[in-house]
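Scroll down for the structure; my scribbles are underneath it.
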Amino acid sequence: VYWPLFVLIFYFLCPIPHFIARRVGEDSDAASSACRELAYFFTTGIVVSAFGFPIILARVQAIKWGACGLVLAGNAVIFLTILGFFLVFGRGDDFSWEQW
């Protein structure tokens with residue numbers, strides 16, 4: 001059963017609102033806070049959906065609860081890794097991934 005692999009879509013969608021808000025925020029300072037808050041809202045929705053999707057699959061018995069637990073544990077690891085990446089490399093200092 002490959003239904004839990006659809007969670008990979010959420011992993012790719014998660015950083016997109018942040019990237020868009022960063023691009024728009026560079027142009028104007030007045031809308032940067034509102035745009036950043038909207039990006040946080042969309043990112044939160046994506047993360048919550050990624051955790052809710054395997055639970056729904058387990059409730060309709062498309063996957064087993066053990067598989068649901070493994071997907072939830074994987075979600076925690078992946079999203080904490082994404083968060084750590086943005087905290088370490090997203091500061092905008094001289095040494096960052098933004099220069100590449």
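The values are calculated or read from the model by the stated rules, or taken from the named source; none is laboratory data. Computed from a prediction, not measured in an experiment: that's the story for all the values here. Cβ sites come from the backbone with ideal geometry, for glycine too, and all protein chains shown count toward neighbours. For the accessible areas, the whole protein counts, side chains as well, though only heavy atoms, and no ligand, DNA or RNA atoms are used. Shrake-Rupley method; radii C 1.70, N 1.55, O 1.52, S 1.80 Å.
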Number of the condition not met by Val1 [criteria: (1) assigned to a helix (DSSP H, G or I); (2) at pLDDT below 90] | (1)
So, in region 12-22, of the ones that are in contact (Cβ under 8 Å) with a residue 24 or more places away in the chain and part of a helix (DSSP H, G or I), which residue ends up nearest to Gly90 (Cα to Cα)?
-> His18
Ala30 meets each of (1) more than 15 Å from the chain's Cα centre (by Cα); (2) at pLDDT below 95; (3) in a helix (DSSP H, G or I) with one exception, condition (3)
If you go through Ile78, Ile9, Ile56, Ile63, the only one that is out of contact with any Gly (no Cβ under 9 Å at 6 or more places or on another chain), hydrophobic (A, V, I, L, M, F, W, C), open to solvent by 50 Å² or more (accessible area, probe 1.4 Å) and over 25 Å from Phe89 (Cα atoms) is Ile56
Checking Val1 against (1) in contact (Cβ under 8 Å) with a residue 60 or more places away in the chain; (2) open to solvent by less than 50 Å² (accessible area, probe 1.4 Å), the condition it does not meet = (2)
